[in-house]
Each structure stands twice: as C-alpha cells, then as structure tokens.
Amino acid sequence: MGWEGLLAASPSIPAELGPRLSRLGQTLRGQLPESEGAWNSLRPHQNSPPPPERADVVVVGGGVLGWSVAYWLKTLENRRHGMRVVVVERDPTYSQASTVLSVGGIRQQFSLPENIRLSLQSATFLRTINEHLWVPNEPPIDLQFQPSGYLFLASEHGAATLEAGVKVQREEGAKVALLSPSQLKAKFPWINTENVAVASYGLENEGWFDPWSLLNAFRRKATSLGVYSCVGEVTSFMADTADNTAGMPQGVGRVKYVNVRLPDSPEQQPVSCAIVVVAAGAWTGKLLDSATAGLQASLTLSRFPIEPRKRYVYVWHCPGGPGLETPFLIDTSGVYFRREGIAGNYLGSMSPPEGREPDTGNLEVDHDFFQEEVWPRLAQRVPAFQSLKVKSAWAGYYDYNAFNQNGVLGPHPQLQNVFVLGGFSGHGLQQSPAAGRVAAELLLHGSCAAVDVSRLSPARLWGSEPLLEAAIV
C-alpha cells in the first residue's frame with residue numbers, strides 16, 4: 001500500500017482525499033533558563049493536553065523540520081478538518097534543540113544538486129515568508145535576516161573540488177563568484193591569503209537569520225491550520241510483524257501505535273496512526289534502531305546511521321575586526337566565523353579533528369578547544385583576531401548522518417508506514433522549508449516534481465556507495 005493509500009485508509013480522512021491529498025546571540029542569551037520570562041511563549045506547551053488516542057500522521061520531533069512537514073501537510077491538503085496531524089516534542093523549552101542552538105546560516109554553496117535545490121527553494125520561501133506563515137491578527141514575521149555571502153577558501157589541494165562545486169551551483173541557478181587570491185585580498189583586505197588558491201563567494205540568497213523565529217513561525221501557522229501539538233517523548237512503536245500478524249512478510253513491520261511518555265510521569269499514551277514521520281533530530285537513529293531491533297535478523301541491516309555530534313559555538317569581541325562587511329567565512333582549516341550584530345562581535349568554531357569527537361552525554365562547552373584549536377586558525381587567517389576576547393559560548397547537537405553527511409528523506413526500508421526526515425548534518429535548518437514540502441508531497445502524492453530526492457532515500461544507506469557532500473561545515 002502506498003502513502004496515499006495509508007492516508008486514505010485512515011479513519012478520519014475521506015477516501016477521496018488520499019491521492020489529493022543580531023541577532024542570534026541576543027536571541028539565545030534571552031532564552032537562557034536564568035532569564036525569567038524568556039520562555040513565556042513556550043509555557044503553553046508545558047501545559048499542553050495529552051496526545052489524542054488516534055491520529056492520521058504522528059510527527060516525532062517538534063524541531064523546525066518536524067513543524068515544517070506538519071505545516072506543509074495541512075497546507076497542501078487544503079482542508080481545515082481533514083487529516084489529523086500530531087507533532088510530539090519531548091522538550092517544550094527547546095533548551096537542547098538543534099534548531100535553536102544553530103548559527104542560523106543559509107547558503108547554496110554545496111556540491112550536490114539536491115542540496116543546492118533544497119537551499120534555493122528554501123531561500124525563496126524565506127524571502128516571502130509572510131505570504132506563507134503569517135497568521136492573521138499577529139505581527140508580521142521578522143526572521144532578522146542578515147544578507148551576506150558565504151566565503152569558502154580553498155588551498156591548492158581543495159581548489160579543484162571547490163571549482164567543481166561552483167560549476168554545479170551555477171548550473172542549478174545559484175549566483176556564486178570565484179575569486180583569485182588577489183581579488184580576495186582586494187575585496188577583503190583584512191584576510192591573510194597565505195595558502196589560499198581560490199575562493200568562492202555567494203552573491204545572493206545567502207546570510208544568516210534567527211532560528212527560533214523560523215521555528216516559531218512554522219509552529220504558530222501549523223497549529224492555526226489545525227495541527228495538534230503535544231509534549232511527550234515517543235519511546236517506542238507497536239508494530240504488526242510476521243511474528244504477530246498473518247500475511248506480513250518476514251523482516252518488515254507496520255507501525256500501529258506510537259507510545260508517548262507523558263512529561264513528569266511514568267505513564268505512556270499509545271496513539272494509533274496511519275503514518276509516522278520521524279524527525280527526531282540527533283536521536284532519530286536511536287529511535288529507529290529500537291523499532292527495528294526485532295526485524296534486523298532477517299534483513300541483516302546495520303544500525304541507522306543518524307547520531308548526535310556535539311558542536312561548540314563561541315562568541316568573541318574584537319573592536320579591530322573585519323567589521324560590517326564580514327562574510328560567513330569558511331577557512332581552508334575548517335574554522336568558520338561570521339559577524340554577530342554591529343558592535344564588534346563575532347561567532348564561530350570548527351568541527352573537531354578526526355578521532356576527537358566530544359562526549360554527547362551533555363552540552364558542556366570545552367573552552368580549551370577554542371584556545372588550542374580554533375583561535376590559532378582564526379588568528380592565522382585574520383591577524384586582527386590575535387587580540388580577540390571570548391564573551392560566551394554554547395554547545396548544540398548536529399543530527400549527523402555518519403554514512404554520507406546528507407539529509408535522509410523518504411520511507412524506511414523495513415517499517416512500511418514510517419517516513420524519515422533527518423540527518424542533515426548541520427544544514428537542516430536552512431533546508432527545512434523545502435525539505436518539509438518535499439516530504440509532504442511524497443506522503444500525499446507519492447512524488448515530488450520540484451526536487452528529485454531519490455538519492456536521499458533511507459534505502460540507499462545500505463548496499464550503496466556514500467553520496468558524499470563536499471561542503472560540510
């Protein structure tokens with residue numbers, strides 16, 4: 001049975017609907033727990049009612065991807081009292097959410113056409129966001145967007161890869177310039193161009209914005225369209241399998257219920273559903289592995305390769321720094337930074353070296369990592385940063401696809417009515433508007449004309465060569 005059939009068979013949907021069916025730092029500091037009142041807009045979720053007993057679609061995870069797909073399902077369905085979509089989020093404060101703790105960038109400078117298309121379509125959505133997500137009688141949405149190109153630097157070793165990526169980006173319609181070292185120095189005189197062979201610079205549709213504003217806009221619009229929001233943790237699935245259901249083939253299952261553990265309670269509420277969308281961020285792999293534990297023997301699939309990776313973000317002050325024309329710079333060494341506001345503040349970091357992944361059991365910040373790894377690379381590329389002063393820092397999780405660092409978007413190969421949306425490895429926020437729409441179109445219609453995401457299907461995580469994205473930050 002296809003996705004349309006699953007929805008059509010759901011009790012609350014008429015059968016004919018089936019086939020038709022700056023200022024990130026300021027924002028984050030205002031959302032720290034010790035700032036009383038910073039969470040007022042979240043308090044209603046802490047008192048939200050328990051989940052309903054039945055739903056057509058359960059979205060596991062109330063991050064930006066989860067709320068995006070919920071919004072698009074209701075928008076494309078275009079029927080106020082059609083299917084019942086429920087979003088389940090375990091942390092109503094979003095204190096550990098990848099969405100809120102990201103640095104809020106958007107770019108088209110990727111090496112794979114799928115990522116470029118998703119980001120281009122998302123950029124168009126963000127430019128016209130009030131046409132999509134504005135709710136009547138509420139203020140217009142302000143994402144606090146800061147237009148500024150990404151600036152990727154490449155050494156001789158990486159020059160061919162960067163130039164090949166720019167060729168694909170231009171073919172897909174992105175506006176990107178290649179700069180020689182002399183052109184780079186003329187445009188950004190504060191850069192030390194040592195060991196830089198070529199640079200690429202985004203000319204439009206790039207910059208950064210406030211992640212919480214986008215998440216909240218999706219959430220408010222989706223709930224206004226009738227999406228149910230509840231607080232709880234989806235701990236397990238109850239599925240029909242060959243062991244308990246006649247006619248089910250070996251090695252596959254179909255989820256009948258999701259079990260939702262209620263906040264501050266040992267109780268669990270089962271929710272029957274036709275479709276489950278797993279958008280649980282860094283914990284997607286863990287949930288799916290537990291759901292297929294009894295099935296793996298027959299198909300001998302390895303674990304689902306989406307896992308948490310902890311990343312640090314540091315904010316520093318440098319009055320003599322690059323200034324207002326600072327791009328979002330990605331250095332040859334892997335370090336990155338961008339401007340934060342207009343008062344001489346910057347934020348940035350880098351991924352840890354191979355073999356030095358930090359413990360994901362907490363979100364404590366390693367300040368020695370900045371001193372030993374990040375700062376020397378910053379000061380080498382921007383001599384003015386030799387005199388910087390760190391002001392604050394935080395840590396967050398990447399929902400990391402350990403197989404190929406790309407988003408995973410499509411039906412699970414063993415769980416027949418489970419759709420996976422995650423593993424974007426740091427670019428889920430910026431691609432969330434388009435990724436959510438693609439997921440909704442696949443669920444409602446079985447296809448998506450705008451972006452072919454077949455190469456991002458979960459089925460390709462086993463038995464295929466990795467589809468590697470070269471521009472992972």
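The values are calculated or read from the model by the stated rules, or taken from the named source; none is laboratory data. A quick note: this is a predicted structure, and the numbers were derived from the prediction, not measured. When we count neighbours, we look across all protein chains shown, and the Cβ atoms used for this are built from the backbone with ideal geometry, even at glycine. Ligands, DNA and RNA are excluded from the accessible area calculation, which covers all protein heavy atoms including side chains. Shrake-Rupley method; radii C 1.70, N 1.55, O 1.52, S 1.80 Å.
Rounded to the nearest percent, how much of the accessible area of the stretch 117-193 (1.4 Å probe, protein heavy atoms only) is carbon and sulfur?
Details: 2220 of 4080 Å².
C and S fraction of accessible area: 54 percent.
Strictly greater than 34 Å: what percent of every Cα pair in the chain meets that?
Details: 37030 of 111628 pairs.
Beyond 34 Å sits 33 percent of the P(r) for the chain.
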Exactly which GluC sites (Glu not before Pro) in the stretch 247-348 are in a DSSP loop and have at most 12 other Cβ atoms within 10 Å? Glu267, Glu325
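Ratio of Rg to Rh for the stretch 147-284, alpha carbon only, Kirkwood?
Checking Rg against Rh, the ratio lands at 1.22.
Go ahead and run the numbers for FRET between Ala402 and Asn137, Cβ-Cβ distance against an R0 of 41 Å, rounding to 0.05.
Efficiency, from the Cβ-Cβ distance: 0.35.
Work out how much length Met238 to Asn192 would gain on full extension: take 0.36 nm times their residue separation and subtract the Cα-Cα distance, in nm to one decimal. The partial results should precede the final answer.
Numbers: separation 46, 0.36 × 46 = 16.56 nm, distance 5.79 nm.
10.8 nm is the gain from fully extending Met238 to Asn192.
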Assign unit charges at the C-beta atoms only (+1 for Lys and Arg, -1 for Asp and Glu), then state the dipole size of the stretch 309-383 relative to its Cα centre in Debye, rounded to the nearest 20. 280 debye
Which pairs in the list Lys256/Lys286; Lys74/Lys167; Lys221/Lys256; Lys221/Lys389; Lys167/Lys389 are over 31 Å apart, alpha-carbon to alpha-carbon? Lys74/Lys167; Lys221/Lys389; Lys167/Lys389
Taking the simple approach of a point 7 Å from Cα along Cα-to-Cβ for both Ser224 and Asn259, what is their distance in nm? 3.8 nm
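Let me spell out the model: positive unit charges on the Cβ of Lys and Arg, negative unit charges on the Cβ of Asp and Glu, origin at the Cα centre of the chain. What dipole size does that give, in debye rounded to 20? Write out the running numbers ahead of the final one.
Working: 39 positive and 44 negative charges, 161 e Å.
Charge dipole of the chain: 780 debye, to the nearest 20.
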According to the square roots a ≥ b ≥ c of the eigenvalues of the Cα gyration tensor, what is the shape class of the stretch 391-433, taking rounded for a/c under 1.5, prolate for a/b larger than b/c otherwise, and oblate for the remainder? prolate
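Net charge around Thr332, counting only other residues with Cβ within less than 12 Å of its Cβ (Lys, Arg = +1; Asp, Glu = -1)? Working shown, then result.
Values: positive: Arg377, Arg381; negative: Glu156, Glu194, Asp331.
Once positives and negatives cancel, what remains is -1.
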Peptide ranges 140-153, 52-65, 403-416 listed from the most packed, as the mean C-beta count within 10 angstrom indicates: 52-65, 403-416, 140-153
Full-extension gain in nm, Glu325 to Ser180, via 0.36 nm per residue minus C-alpha separation: 50.3 nm
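Taking the Cβ-Cβ separation of Met248 and Glu204 as r and a Förster radius of 56 Å, what is the calculated FRET efficiency to the nearest 0.05? Please list the in-between numbers first.
Working: r = 51 Å, r/R0 = 0.91.
After rounding to 0.05, the efficiency reads 0.65.
Quick check for you: with a 1.4 Å probe and neighbouring chains kept, what is the accessible area per residue of the stretch 142-247, in Å²?
Working: 4640 Å² over 106 residues.
Heavy-atom SASA per residue in the stretch 142-247 reads 44 Å².
D for the stretch 278-415, whole µm²/s, Stokes-Einstein with Kirkwood Rh over alpha-carbon pairs at 10 °C and 1.306 mPa s: what number? Working shown, then result.
Numbers: Rh = 17.2 Å.
Here the translational diffusion coefficient equals 92 µm²/s.
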Sites Leu76 and Lys389 - FRET efficiency at Förster radius 51 Å, r taken between beta-carbons, to 0.05: 0.55
On average over all directions, what projected area in square nanometres does the stretch 369-473 have, based on the convex hull of its Cα atoms? 9.5 nm²
